[in-house]
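A.B. asks: Questions regarding the structure given below will be posed in turn.
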Amino acid sequence: MKTGDLQDFKVNVKLKLSALWAAVTFCYLYGDYFELYVPKKVEGLLTGANILDSPTKLSIAAFLLLIPALMVCLSVILRPFLNRILNIFFGMFLTLFVALVGASSISVWRSFYVFYAIVEICLTSLIVKYAWQWERVGVEKIHPAKTRSSQ
């Protein structure tokens, strides 16, 4: 590093995970907000003719949207072992879920939804990657090139 370079620091994996979950939450909210502009969507909301047409379906949707919102906080406060497991599990689950939603939303008026699904899949995949690669205490990283050259 030379004088005048911008200072950088290593960001803790918990903060990375929390920031990614916050981004996922915002994408879900924006996607659902913009869906209100799809023709006949508001009419369906007012008449009850929509996909969430029962208390059970509405509760399931509320639970699914609660997961990323809670993971923003839980990624910071939970101990590493449980934190890692929950991030991998919910990251994988929501990646698959959003892939199905995105695939079933392919239409002219819902192209924005497919775009959001692609972004959300990238974000939840990064969550799984960071949680999976969480560094362990006292374990040195093995670099194959260095190992071969030192032998």
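Each value in this text was obtained by applying a stated rule to the coordinates, not by laboratory testing. This structure is a prediction, so every number in the text was calculated from the model and none was measured. With ideal geometry, Cβ positions are generated from the backbone for all residues, glycine too; neighbour counts draw on all protein chains shown.
A.B. asks: Scan the range 64-109 for residues that are among the aromatic types (F, W, Y) and either under 15 Å from the mean Cα position of the chain (by Cα) or within 20 Å of K129 (Cβ to Cβ) (or both) and jot them down.
C.D. replies: Within the range 64-109, F81, F89, F90, F93, F97 qualify.
A.B. asks: Which one of these is polar (S, T, N, Q), out of contact with any Asp or Glu (no Cβ under 9 Å at 6 or more places or on another chain) and surrounded by 12 or more Cβ atoms within 10 Å (Cβ to Cβ): S111, S104?
C.D. replies: Sole residue among the options that is polar (S, T, N, Q), out of contact with any Asp or Glu (no Cβ under 9 Å at 6 or more places or on another chain) and surrounded by 12 or more Cβ atoms within 10 Å (Cβ to Cβ): S104.
A.B. asks: Another question, then. Do the conditions hold for I127, that is, is it surrounded by 15 or more Cβ atoms within 10 Å (Cβ to Cβ), under 15 Å from V13 (Cα atoms) and touching a residue at least 24 places away in the same chain (Cβ under 8 Å)?
C.D. replies: Against the criterion (surrounded by 15 or more Cβ atoms within 10 Å (Cβ to Cβ), under 15 Å from V13 (Cα atoms) and touching a residue at least 24 places away in the same chain (Cβ under 8 Å)), I127 qualifies.
A.B. asks: I'm trying to understand the selection: among the residues of the range 1-32, which are hydroxyl-bearing (S, T, Y) and free of Cβ contacts under 8 Å to residues at least 24 places away in the same chain?
C.D. replies: T3
A.B. asks: While we're looking at this one, here's another question. Within the range 45-60, identify whether any single residue is closer than 19 Å to F112 by Cα and exposed (fewer than 10 other Cβ atoms within 10 Å of the Cβ), and answer yes or no.
C.D. replies: yes
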